[in-house]
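Here is the structure we will look at, set down as structure tokens.
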Amino acid sequence: MITHTRLALLFLCLLLQACSDNSEVAVGFLGPLEGKYSDLGVQGRNGAQLALEEANARELIPGMTFRLVPEDDLNTPDGARQAVDRLAAAKAVAVIGPMTSGVATAALEQASGHRLPLISPTVSTPLLTGKKDLFFRVLSENSQWARALARYGMEKGGLRTVAVIADMDNDAYSGPYRDAFRSEFVRLGGILLKDWEIRSLSLKSWEPIAAEIERLAPDAVFVSLSSRDASNLAKTFVSRSLKLPVYSAMWAATRELVVDCGQACGGWIFGMGYSEDNTRPEHLSFQQRYRQRFGYASNFAAALSYEATQAFLQGMLKAEGDPKGLPDAMETLPELPGVIAPFRLDEFGDVVRDHYIIEFTGREFRTHETIR
């Protein structure tokens, strides 16, 4: 009897150990993987993939491996809802994403029904700030950068008049960013000459807007556009020999701007939450590992997605591998080293970290100021 009992217990222990050694955890990724916003989604997916692969290689949580399940949210609220449902069906324990503010509210509503935490790399709308929910993020709210950009333009650029262009297909991002820039600029004594709310998906040509900007002759143009739209606007300016300073939201500051726009966008100034040229060893190492893994350079979406996945992994580690304990663990994480800079999440899951004023030279992004 004793021998049989011992053998049974030994068999059970071996069985449990085997199950533990092969415990695979699905981690969702949510972002636009095709279309004009795919530069965010593809790089974000890659950053998450790299973080999980590295965690698996070093056996961060013994007996547990992580598998990324990417879903295209089509950059639409309905697409995000359907993608969240698919990730819940795949038994994802959390989602890295979404990548755009325009789908964040819809994604969060759907994820909350599944008790599925969202850890966003790049959603920066202030509409989700200060709320106790299942939404966490590693990028500060964009209104902070917008106000800093307005002050920089007034103080360093000598601006007194501006025209504004915002893509409202991503209104949860562009609206607050535009509003914060506009209100700070006017508060400081600037004059707003024109305010365009465009819909990128239905825009036929930039020519009418460029012609009106030429007629108004503002000191500068402020834009909140994707990199592809920013490139097309800049090329339209060049075709008309129109030379104006441009101040931009972070949205356009991807590697696609380097490849597609180049010198046409040279001199553009960005207010943003990422400094590509920082020389922290952690950042340089990340850039090297990313290029080795994927064969091309990373952008802010990749770096921030890597950080968001790091935060998820540390949450799982603190929750001792139990997904049910992940939300509480995320709210009480210590400061994390990050690849861009150290960061921490507050009790609402919002990030506390620096932001930057950046110039695009036509070939690279250079930091002008760090704002604590």
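The values are calculated or read from the model by the stated rules, or taken from the named source; none is laboratory data. What you are looking at is a predicted structure, and each value in this text was computed from that prediction instead of being measured. With ideal geometry, Cβ positions are generated from the backbone for all residues, glycine too; neighbour counts draw on all protein chains shown. Keep in mind that these areas ignore ligands, DNA and RNA; they rest on the heavy atoms of the full protein, side chains included. Shrake-Rupley method; radii C 1.70, N 1.55, O 1.52, S 1.80 Å.
So the values come out like this:
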quantity: Top of Asn142, Asn278, Asn46 by mean-square fluctuation, Gaussian network on the chain, Cα under 10 Å; calculated: Asn278
quantity: Farthest toward positive dipole pole in the chain [+1 Lys/Arg, -1 Asp/Glu at C-beta], among Gly157, Asn56, Ser241; calculated: Ser241
quantity: Helix axis angle, 207-216 relative to the chain longest principal axis, alpha carbon, degrees; calculated: 50 degrees
quantity: DSSP beta bridges in the chain [antiparallel fraction, %, rounded to 5]; calculated: 30 percent
quantity: Spin-label pair Asp354/Arg67, simplified geometry with 7 Å Cα→Cβ offset, distance in nm; calculated: 4.1 nm
quantity: Residues in the range 119-140 that a label on Leu317 would reach, taking backbone N under 18 Å of a point 7 Å out along Cα→Cβ; calculated: 138
quantity: Share of carbon and sulfur in the accessible heavy-atom surface of the chain [1.4 Å probe, %]; calculated: 52 percent
quantity: Per residue accessible area in Å² of the range 208-303, where ligands, DNA and RNA are left out and the probe is 1.4 Å; calculated: 38 Å²
quantity: Sites Lys156 and Ala217, calculated FRET efficiency, Cβ-Cβ separation with R0 22 Å, nearest 0.05; calculated: 0.60
quantity: Sparse-neighbour loop sites [GluC sites (Glu not before Pro); the range 42-90; at most 14 other C-beta within 10 Å; DSSP]; calculated: Glu59
quantity: The chain - mean residue ellipticity at 222 nm from DSSP helices (-39,500 (n - 2.57) per run, n ≥ 4, rounded to 500); calculated: -14000 deg cm²/dmol
quantity: Estimated dipole of the chain in Debye, rounded to 20 [Cβ of Lys and Arg +1, of Asp and Glu -1, Cα centre]; calculated: 420 debye
quantity: Among 309-321, 222-234, 150-162, the order from most to least packed when residues are scored by Cβ within 10 Å on average; calculated: 222-234, 309-321, 150-162
quantity: Relative contact order for the range 221-372, counting Cα pairs under 8 Å that sit 6 or more residues apart, in percent; calculated: 25 percent
quantity: Folded to 0 to 90 degrees: helix 227-239 orientation relative to the chain principal axis, Cα; calculated: 20 degrees
quantity: Spin-label model distance (nm) - His368 vs Gln82, 7 Å beyond Cα toward Cβ; calculated: 4.3 nm
quantity: The range 18-173: relative contact order as a whole-number percent, Cα under 8 Å and 6+ apart; calculated: 21 percent
quantity: Distance in nm between pseudo-label sites at Lys194 and Glu335 (7 Å out along the Cβ direction from Cα); calculated: 4.7 nm
quantity: Chain lengthening between Ser239 and Glu53 when straightened (0.36 nm per residue, less Cα-Cα); calculated: 62.4 nm
